[in-house]
Each structure stands twice: as structure tokens, then as C-alpha cells.
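The values are calculated or read from the model by the stated rules, or taken from the named source; none is laboratory data. Not measured: the values here are computed from a predicted model. Here the Cβ is made from the backbone with ideal geometry for all residues, glycine too, and neighbour counts use every protein chain on show. Remember, those area values only see protein heavy atoms, side chains included, never the ligands or the DNA or RNA. Shrake-Rupley method; radii C 1.70, N 1.55, O 1.52, S 1.80 Å.
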Amino acid sequence: MAVDHFYFHPLTEEYEFGPKHPLRPERLRRTRRLLSELGVALIQPEEALLSKIQKVHSEDYIEVVRTPSKFGWERLAKHGLGSGDCPVFPRMFESTLAYCSCAIAAAKAVVTGAPRGYNIAGGLHHAFRSRAAGFCIFNDPALAINELLARWDRVAYVDIDVHHGDGVQKIFEDDPRVLCCSIHQDGRTLFPGTGSPAETGPLFNGINVICPPETGAAAWLYGFREGILPALERFQPQALVIQHGTDSHFDDPLARVRNTVQSWLAAVSDLRRMDLPKVILGGGGYRLECVPRMWVAAILTHEGLKVPEFLPETLGQEWGTPTFLDRENPYDPNVGQREIESVVNYLREFVHPKVA
Ligand SMILES: [Zn+2]
């Protein structure tokens, strides 16, 4: 399978907060193995310039990430490091820079004419300007958006991770060139606690669809199609950055949305049909049996290729997941429909008309 501009750096597999932390590099290793079975060539990007990182993150924060041993715990804590979510780990700066380099390279490819650029190790959407949060140290979606803004002045960010894309929204809340869309589990019931539909930002460039816990696959897709697509239609972006968190899947251990691979992929297909240049990022997802097959199915979908029924046999057997799609959905797909309809009605009345 020929996929151009697929950036991958081996150091991203050293981005590991510790053996008991849910963000396991095994997610990336399995994805890489599956891609190489399918014949996808991975390109190692050049190292990102520090000046690019400095456009998104403050210099004192970058310095703390670069040499954490030079600073005391209070200083680390001020920047969100050293706590449960983001403990300091060996080669933290190098592995963080690695996924940022992939995002910048993918975006640069798109700026110079490629239809798509990929960074599956990225999508670390919770990082703020001066603070790590939710397993994210630097914000590679923001770095990718900045690259695209060098050529275009209307860029949309679409985040289908089960957690609110709070860092990206915050970084661009004052920038009318960027629309930030996120569909996620209601922040009153899940980290990071933000992302209510009323949280539009002063420019109405924040579009948030919330799903109650136990939201089913059909209700989730309804929220995506009626909450996010009309905002994109109004905004008329020239390029997209898409965060492909897989953690809305019903089997994910960190959240309680009951999405299926099929419904999630239907949203990916909708985005594919928007004939725009795209930077395609990974994201959250903590069930090893789900993440690689969902990401690879998304990549195939973006490339306009059919998702095969079965994984290569050896991998399917080894991982206990023979098929790309879910073979059954143990949950009611319509749970949450009524609540999401009221969110959509609110967006239609108060938010979509102000998107410009
Ligand atoms: Zn997530």
C-alpha cells in the first residue's frame, strides 16, 4: 500500500511515563508493525527547529522539559510535570521533540502540495503553552496548525478523541483563522473537565459537542454530523488538522462512551469527503486491541482504500483481534441521543450562526 508522507520517528516509542502508565508505546509499536505488514513506508523527519516550538510554548517551559533535573519539584509542578499524569521520564525532551518533528514535517508536506501528511504518534491535544497535562507535553496539533497558517488563513482542527481538545482550543481561542471542533465525553464526568457547548471562546471559534457517559455509536455519530459538520460548512476551511483519538471506543478503559469502530470510521469518511489538504494525527486510545486497527483503518479510509475484513493473520492471532471492524456491539447505539439532540439544538441556535 503506497501512503506518502507518513512520518515516524523511533524515539516516539520512548515517550513513556512509566510501566504502569496507560499511555503505552506498545500502541505505536503495534501500529507500526501493522503498517509495515501492509507495506507502508515510514519516513523519519528532520528534527524540528526550536523556533517552531517557541511559537507555541513559552521559553521557560521548554527549558524545564529540556533539562528537568536542573529544576526543583516546585518548578516542575508549576509546569504540570512530575505529578501522576505527567511524571518526568528519561529522554523526555528528545521523545517529545520526535513527535513534534513528525507533526511539523507532515504539515510542511501538506503546505508544499501533498494532499495528506501523517503523524500517528501525535495528537497530544492537552498540552498548554506553559504546562503539560493529560499525558501531553508539547502540543503537536498546534504546531501543525501553525505550519498550515503559513500558507492558508482558514484552518480547521477536528478532534474526535473522547477527551476535550482543551489545549488546542486555548492556544487558538484568540485567532480567527482557526476553528477548533471537538466531540467528547461531557467534562462534568471526564478529564479535563472543560469543553461545554457554551465554551465557544470570544470569537465563536470553539465548537464543542458533549456526549453523556454511555453514549452509543449512533448517537455519537449524530453529534458529530449535526454538531461539527455544519460548523465546518460555515467556516469553509482551506485545510484540516484531524486528531484521531480512538478512546471513544466502547472497550476503552479510560472513558465511558460506547462508540464502535464503524461509527468512528463513518466520521473519518465524512472528513475524507471534504476535499481539503489534511494533516492526520493520532491521539488517545488505551485498549491495545483497538488502537492499531482503528488507526490503520482510518489511514486506509483517508487514502480512499477499502478497509479489509481481516488483519494479517499472524498479527490478528497474536493480538486476539482478527478483524478491523467490530464484529458485534454489546451496547445500545441510541443511548444519549436525546441529550445530544439538545446539545445540537443549542449549537444550531446560538453557535453555528456566529461561525464566520
Ligand atoms: Zn483521549
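Assorted remarks:
- Residue match in the range 40-50 (condition: surrounded by fewer than 15 Cβ atoms within 10 Å (Cβ to Cβ) and β-branched (V, I, T)): no
- Of all residues making up the range 222-251, the number that are open to solvent by 10 Å² or more (accessible area, probe 1.4 Å), in contact (Cβ under 8 Å) with a residue 40 or more places away in the chain and more than 16 Å from the ligand (Cβ to nearest atom): 9
- Filter result (away from the ligand (no atom under 16 Å from the Cβ), aliphatic (A, V, I, L, M) and surrounded by fewer than 24 Cβ atoms within 10 Å (Cβ to Cβ)) within the range 124-162: L149, A150
- Scanning the range 178-191 for residues that are assigned to a loop (DSSP other than H, G, I, E, B) and crowded, with 17+ Cβ neighbours inside 10 Å turns up D186, G187, L190, F191.
- Residues that are closer than 14 Å to A132 by Cβ and basic (K, R) were ranked within the range 64-98; the one that is least open to solvent (accessible area, probe 1.4 Å) is R75.
- The residues on offer are V307, V257, and the sole one that is within 16 Å of the ligand (Cβ to nearest atom) and in contact (Cβ under 8 Å) with a residue 40 or more places away in the chain is V257.
- Checking the stated criteria, F71 turns out not to satisfy the condition of being modelled with pLDDT of 95 or more, out of contact with any Gly (no Cβ under 7 Å at 6 or more places or on another chain) and over 30 Å from P19 (Cβ atoms).
- Screening A121 on (1) more than 16 Å from the ligand (Cβ to nearest atom); (2) under 18 Å from the mean Cα position of the chain (by Cα); (3) among the hydrophobic types (A, V, I, L, M, F, W, C); (4) open to solvent by 10 Å² or more (accessible area, probe 1.4 Å) shows it passes everything except condition (1).
- Residue count for the range 295-320 under the criterion of being within 23 Å of the chain's Cα centre (by Cα) and on the phi < 0 side of the Ramachandran plot: the result is 12.
- The single condition among (1) farther than 17 Å from P141 by Cα; (2) surrounded by 15 or more Cβ atoms within 10 Å (Cβ to Cβ) that D4 does not satisfy is (2).
- Listed here are the helices (runs of 4 or more DSSP H) enclosed by the range 37-143 that have at least 3 residues being within 23 Å of P25 (Cβ to Cβ), in contact (Cβ under 8 Å) with a residue 60 or more places away in the chain and in contact with a Leu (Cβ under 7 Å, 6 or more places away or on another chain): 92-111.
- Any hit, the range 194-203, residues being in a strand (DSSP E or B), in contact with a strand residue (DSSP E or B) (Cβ under 6 Å, 6 or more places away or on another chain) and within 15 Å of the ligand (Cβ to nearest atom): no
- Whichever residue in the range 252-264 is in a loop (DSSP other than H, G, I, E, B) and open to solvent by less than 30 Å² (accessible area, probe 1.4 Å) and, among such residues, is farthest from D161 (Cα to Cα): T260
- Hits in the range 265-300 (condition: outside any loop (DSSP other than H, G, I, E, B), crowded, with 20+ Cβ neighbours inside 10 Å and hydroxyl-bearing (S, T, Y)): none
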